[in-house]
Amino acid sequence: MNKRRIQLQIIDTGIILLVYILCAGLSTFNIGSMALKGDFTIPKFLLLFICIMALRTVTRIYSNIWRYASVKIYLTLIISDAIAGIIFIAIGRIISSLSLGFAYSLLTIMGIMLATLFSRFAYQCFYAYSNRNSDTRIAEGNHRKDSQGKGIHKINVAIVGAGNVGATLADELIRNPMAHYNPYCFIDKDVDKIGSGINGLKVYPEDENIIERIKNMPVQEIVIALPDASAEDRSRLYNLYRQTDCKVKLYDYPLGNDDSDRKTLREFSIEDLLFRDTLSIGSELSAQYYTGKTVLVTGGGGSIGSELCRQIAALQPKKLIILDIYENNAYDIQQELIRKYGDYLNLETVIASVRDEKRLNEIFAENRPDIVFHAAAHKHVPLMEHSGCEAIKNNVLGTYNVANMAEKYGVQKFLLISTDKAVNPTNIMGASKRLCEMVIQCRTDSRTEFTAVRFGNVLGSNGSVIPLFKKQIEAGGPITLTDKRIIRYFMTIPEAVGLVMETGAMAHNGELFVLDMGKPVKILDLAENMIKLSGLTPYKDIDIVEIGLRPGEKLYEELLMKTEELDKTLNKMIFIERDKAYAREEVDEKIKILMNAVEIEGYDAVVDAIKKTVPTYHNPDEVNRKAGMSAEMKAVKEAAATAV
């Protein structure tokens, strides 16, 4: 038990004893007489004390930090003492020698409750008052010391949003002497709040003068405290208040009932500025489907594969098998899951290549997986243009091997992770993923249910553009773009994987699913926003330069959500592509053509084989010349015009 709890319990003991004595004195008061009647005895006091302290301990009253106490904590104290009083009165009814009588029992219990509440409230008010005075002294040049004796510099902040969340944030900062932030004012659009005071802070209007008004205030940072604001609103607010030259931050306040959610005050991230709201992904279907199953994830150490492992592990599978050729990544996710779940998760990590048919046979024979997520693949477009044979070996032939093993050992469901680059591909990597889809779709006669899921770029994945831009900004620039017209679709890794898992639970044999990636994002806008997030100015502090399209690269990825060509599912973010599957014999013939190309080796042999096997393959120059006429590029231009 820590020192603070002991001190609080000693104070409460004194309050209970004092109220008990006062009530005892009141019971003796008669006109013309002050004689002790003996209704209040030591055994009765001990019983009352035990009831109250026991209930407060059970309800964790002494675990709370009372200087930050909320209404909920005060209500818990009231309920705790009320139950203790009921128990005390009930015992008195059973054992008459321990009864104070109903009226005096009620009076004593109410007195103890009110005195305790008053002591807590007085302490809270005193703490807030002394902290506010401390803030004033700090503003005048004095600095509070933290536990290491170091000075705490208080930063004045303006809070955008004078609602419950903003008021709660201000209250917490005011009460906490160790906080580095001092609330200075609120900013809001609500005319009923403008000009009034909340927690002693004035509410200013968000009007055309707000930027100049803030510049004339002693404010160093601005906090957006609007948890239900859309992605577009967050981006608008960030760009608006950045004009003040203050640092703009975001207050994350959980709106749901998930106890794992935590309130955080953080920097804006690039995800906050992508004009797309975070997807809400239901997990009931996934939880029911994956619990108690043996699940194998190929490429389990990669960006998508490792997140698949995280989400599967949380659903209590019978066994989780991580398969990857790259041991460092596999080791990292293995250790992460061991730290989190320990022996509760039956976990096996296997180092193997999907190219090695014999090794795969051993793994499937030993583990007999129920579900396979096939995420192993080479994915970098320029690298695969120079190493086309490797793309065919790993992506196409590797998928062929894993699919064959899934059929051989009676896997219930096989789900391929595909990409939007498989749509009318202009490069070897995209074409190889389209061939992977063909391998999966042709197996409609199999006992194993095969399915594939297409989606676009995921934020922060290995080798993606965002980590590259971050490194270039840290190095002082410039940021390099292959072409300033390029657009891409983005989704966070957890969102993409959550939808993939839900797709796996609902999928049937031979179906090709596509995920709604939202609006396309212009990579130039992405680069400019990342520079701004770093507190720098585009083209002034960090330049942005074009270096030319890389081999196989096209200006835009095909729009996945052509709704006239898609069927809906129960999840509004998941659709089924109406894509006619090839016969198994046709796909096997394509595999033979690719195997022959791999034996010959060389870029020309691979491209020639792809042209023979992937009818939708196009030369990138041909596609890029007509890019301006595409629906995707037009959509970006229309969105930019609307924003202006």
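The values are calculated or read from the model by the stated rules, or taken from the named source; none is laboratory data. Here the structure is a predicted model, which means the values were calculated and not measured. Note that we place each Cβ from the backbone using ideal geometry, even for glycine, and neighbour counts take in every protein chain shown. What goes into the accessible areas is simple: the full protein's heavy atoms, side chains included, and nothing from ligands, DNA or RNA. Shrake-Rupley method; radii C 1.70, N 1.55, O 1.52, S 1.80 Å.
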Can you confirm whether ILE15 is open to solvent by 40 Å² or more (accessible area, probe 1.4 Å) and either of a type in the set (Val, Ile, Thr) or modelled with pLDDT of 85 or more (or both)?
no
When the residues of the stretch 45-104 are filtered to those that are among the aromatic types (Phe, Trp, Tyr) and surrounded by fewer than 15 Cβ atoms within 10 Å (Cβ to Cβ), which remaining residue is nearest to ARG120 (Cα to Cα)?
TYR68
Could you list all residues from the stretch 79-108 that are among the β-branched types (Val, Ile, Thr) and in a helix (DSSP H, G or I)?
ILE79, ILE83, ILE86, ILE87, ILE89, ILE91, ILE94, THR108
Quick check on this structure: which one of ARG234, ARG242, ARG276, ARG310 is at pLDDT 90 or above, charged (D, E, K, R) and in contact with a helix residue (DSSP H, G or I) (Cβ under 9 Å, 6 or more places away or on another chain)?
ARG310
Name the single residue that is nearest to the chain's Cα centre (by Cα) among those in the stretch 310-329 being aliphatic (A, V, I, L, M) and in a loop (DSSP other than H, G, I, E, B).
ALA314
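Working carefully through the options ALA229, ALA225, find the one that is under 20 Å from LEU265 (Cβ atoms), free of Cβ contacts under 8 Å to residues at least 40 places away in the same chain and surrounded by 13 or more Cβ atoms within 10 Å (Cβ to Cβ).
Going through ALA229, ALA225 in turn, the sole match is ALA229.
Criterion first (in contact with a Pro (Cβ under 8 Å, 6 or more places away or on another chain), closer than 30 Å to GLU585 by Cα and among the charged types (D, E, K, R)) does ARG434 satisfy it?
yes
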Checking LEU26 against (1) of a type in the set (A, V, I, L, M); (2) at pLDDT below 85; (3) more than 18 Å from GLY111 (Cα to Cα), which single condition isn't satisfied?
(3)
What number of residues within the stretch 388-408 are touching a Phe, Trp or Tyr at 6+ places or on another chain (Cβ under 9 Å), surrounded by 21 or more Cβ atoms within 10 Å (Cβ to Cβ) and farther than 15 Å from ARG359 by Cα?
1
Filter the strands (runs of 3 or more DSSP E) completely within the stretch 536-592 down to those with at least 1 residues that are at pLDDT 85 or above and open to solvent by 50 Å² or more (accessible area, probe 1.4 Å).
544-546
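Quick check on this structure: which one of ASP332, ASP343 is touching a residue at least 12 places away in the same chain (Cβ under 8 Å), surrounded by fewer than 21 Cβ atoms within 10 Å (Cβ to Cβ), assigned to a helix (DSSP H, G or I) and of a type in the set (Asp, Glu)?
Of the residues listed, the single one that is touching a residue at least 12 places away in the same chain (Cβ under 8 Å), surrounded by fewer than 21 Cβ atoms within 10 Å (Cβ to Cβ), assigned to a helix (DSSP H, G or I) and of a type in the set (Asp, Glu) is ASP332.
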Tell me, please, whether a residue that is open to solvent by 10 Å² or more (accessible area, probe 1.4 Å), under 19 Å from LEU320 (Cα atoms) and not acidic (Asp, Glu) can be found in the stretch 429-436.
no
What is the residue count in the stretch 175-222 for residues that are open to solvent by less than 40 Å² (accessible area, probe 1.4 Å) and among the acidic types (Asp, Glu)?
3
Candidates GLU366, GLU307, filtered to the one that is within 21 Å of MET501 (Cα to Cα) and not in a strand (DSSP E or B):
GLU307
